[in-house]
Amino acid sequence: MLVELGHFALVMAFVVAIAQTVLPLWGAQMGKRALMAVGEPAALVQLVLIAFSFGALTYAFVTSDFSLKVVVANSHTLKPMLYKVSGVWGNHEGSMLLWVLILALFGAAAALFGSNLPDTLRARVLGVQGSIGLAFLAFILFTSNPFTRLEFPPMNGEDLNPLLQDPGLAFHPPFLYLGYVGLSMTFSFAVAALLEGRVDAAWGRWVRPWTLAAWIFLTIGIGLGSWWAYYELGWGGFWFWDPVENASFMPWLFAAALLHSAIVVEKREALKSWTILLAILAFGFSLIGTFLVRSGVITSVHAFANDPERGIFILMILAFFMGGALLLFSLRANVMSAKGVFSMVSRESALVVNNILLAVAALVVFTGTIWPLVAEAFWARKLSVGAPFFNAAFTPFFTMLAVVLPIGAILPWKRARLGAALKRLIPALILTLAVMGLIWSMQTQKTLLAPIGLGLGTWVVAGAIQDIVLKLGKNRNLSRLFRLPRADWGRLFAHGGLGITIAGIAGLTAWTVEDIRVVQIGETFDVAGYTITLDAVERKQGPNYLTTMAAMSVFEGPQKVATLHPEKRSYPVAQMPTTEAGIDNGFLRDVYLVIGDVQSNGGWAVRTYIKPLANWIWGGTLIMAFGGVLSLTDRRYRVAAGARKKSLASAPKGVPAE
């Protein structure tokens, strides 16, 4: 009965989405406040209905209701409770329901916290947001219904993909969707502003918190996915340039560019066209990611579906929203004329360079991701674009970004002198050169990757710190630290976190040591200063899997530093093996062990990696996200009261600002 109610609630949400789409937009166009007011309760009701539907599906998974097709395909009675719950979104149908739940959550948040917006803008934002919900609710109900019943339910299910039965993957999709779908709010604000015929400083301030929230969630989601790939897949890497990885990375790059561009709109009323375009592209690339994951055009451990018909439906949604928004963008070009002017050397110009580098980097990733599909479709050629292309094509743009970032952060608005700005960064430059020299002298392999990579990381971190130091004034008044806006502290942590991640990637890439050998039980071997002993190998029974688990002692000199337990699991129901690496995490390095198959001589295949600075990658990611949270809690961006007053004050006499 609860399942039927969940299905009915989803149908009702579809009906409410029609009302949320049509009535507020019509009311805003006709100036009818009663129709505009429908948007807020409609958004709240839609959230309640979809939340109830999602709760009903979760209940079906938790209670192993095998009368539902999606539960049979993605659950099993022996599966641990965490993975019964995460199984709700570990499949195509359930993940799409989570997608529209988060979409409704953001729409309801705009309704609850958008009271400071002009009435017509708020109505249009909610109307556009409702139209996105309407499209995806139609997609679920007509092609991907999670409440489809089976006429003859089986006694048990087929289990969830074993690769997804992991804590990292349990939380990775929700955070990623919060980022993907959160960018729908920036899209709705962009389209609403174009319909309104008005893009000003107030709009820039209103759109920034939504962009920042989406960027934070995307950062955490991408970090979790990278961490999972590192320890779960047993290959020792953190990023494979998989098409689905790229699908989440591209919106992140566009969202970062949009954040910086919105600052210029807010502060200087410039870059309006560029900012609107970035808002459209950021969500557009989120939709492209949804298409790649669910259309069957790519094969990946991340992919949810292999159904071209569903892909065509999503492609139609993408074409409608992206095509419609870009058409409106071209028709409304006259309302986006810039008011603020600035010189070639200024903070505005630095932000333009920053945005161009981020956008071009995203387009490089897009080209490498989509080119094999284009080649196959038009020339029937099977091509593979792998890490060498992405490393060679993407790295130069991100390197330039890291060089420009500290300089741009300390340049004044409107007009600046480059020489004066560089003088302020002399301490950061000295520290960078010192680190590069130290790394070069210490390493035995004379490669430039480590000195340059760690030097860039140091440059970005030191530049962020110097930016804060300069705000203390010539007298270095430390009391000013406590009066700095949270947005300044947020910038410090976000930029500093990026520098730490760059340093971690450089260290791991340049200095990783790999060893592959066959080891007998009781045998000892040495790798990069560590002595490792294979103490034992046992076969054990897990909750829903069989495991071959090794016990391996790790010594550094005479001192024992860890006993690790790498595993090779086999899931009988899914008939699929997984690798569980044994990792001793450290601040400066990871010792990473993988147990393989038994060999003909009775020994075991063992892979050993020594991974320098591995945890700096994810530590830097968390610091970036923390910086975003700090900025989000800044009062100036939590509420747009100042922008609201400015908007009202700038309205012509006799014409309401709304």
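Numbers below:
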{"quantity": "Dipole of the stretch 513-614 [Lys/Arg +1, Asp/Glu -1 at C-beta], most positive-end residue of THR578, GLY529, ASN601", "calculated": "THR578"}
{"quantity": "Extreme residue, positive dipole direction of the stretch 437-575, given options VAL519, ILE468, PRO543 (C-beta unit charges)", "calculated": "ILE468"}
{"quantity": "PHE8 paired with LEU141, simple spin-label distance in nm, labels 7 Å along Cα-to-beta-carbon", "calculated": "1.5"}
{"quantity": "Between the stretch 20-78 and the stretch 444-499, the alpha-carbon center distance in angstrom", "calculated": "44"}
{"quantity": "Prolate/oblate/rounded call for the stretch 106-150, Cα gyration tensor, a/c under 1.5 rounded", "calculated": "prolate"}
{"quantity": "Gyration tensor verdict on the stretch 344-485 (Cα atoms; rounded if a/c is under 1.5, prolate if a/b is larger than b/c, oblate otherwise)", "calculated": "oblate"}
{"quantity": "Relative contact order (percent, whole number), the chain, Cα cutoff 8 Å, 6+ residue spacing", "calculated": "12"}
{"quantity": "Rounded D (µm²/s) - the stretch 122-270, Kirkwood Rh over Cα pairs, Stokes-Einstein at 4 °C, 1.567 mPa s", "calculated": "72"}
{"quantity": "q = 0.05, 0.09 Å⁻¹, the chain: log10 I(q)/I(0) [Debye, one scatterer per Cα]", "calculated": "-0.26, -0.84"}
{"quantity": "Unit charges on C-beta of K, R, D, E only; dipole of the chain, Debye", "calculated": "3400"}
{"quantity": "Filter on LYS414/LYS471; LYS79/LYS611; LYS79/LYS560; LYS560/LYS611 - keep pairs with C-alpha separation over 30 Å", "calculated": "LYS79/LYS611; LYS79/LYS560"}
{"quantity": "Dipole magnitude of the stretch 1-165, debye to nearest 20 (Cβ charges: Lys/Arg +1, Asp/Glu -1, about Cα centre)", "calculated": "420"}
{"quantity": "Whether the stretch 440-486 is rounded, prolate or oblate, judged on the alpha carbon gyration tensor where a/c under 1.5 counts as rounded", "calculated": "prolate"}
{"quantity": "Cα-based convex hull, the stretch 1-165, per residue volume (Å³, whole number)", "calculated": "103"}
{"quantity": "Computed lengthening from ASP515 to VAL469, 0.36 nm per intervening residue step minus Cα-Cα distance", "calculated": "12.0 nm"}
{"quantity": "Mean separation of Cα contacts under 8 Å (6+ apart) over length of the stretch 1-165, as relative contact order %", "calculated": "36"}
{"quantity": "Estimated Rh, the stretch 483-639: Kirkwood, alpha-carbon pairs, angstrom", "calculated": "18.1"}
{"quantity": "Pair PHE320, TRP379: separation of 7 Å Cα→Cβ label points (nm)", "calculated": "3.5"}
{"quantity": "Part-to-part distance (alpha-carbon centres) for the stretch 370-426 and the stretch 236-263, which is given in Å", "calculated": "12"}
{"quantity": "Relative contact order of the stretch 344-434, defined on C-alpha pairs under 8 angstrom at six or more residues apart (%)", "calculated": "46"}
{"quantity": "Dipole magnitude (debye, nearest 20) for the stretch 513-614, charges at Cβ of Lys, Arg, Asp, Glu", "calculated": "220"}
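Each value in this text was obtained by applying a stated rule to the coordinates, not by laboratory testing. Here the structure is a predicted model, which means the values were calculated and not measured. As a convention, Cβ positions derive from the backbone with ideal geometry for all residues, glycine included, and neighbour counts pool all protein chains shown.
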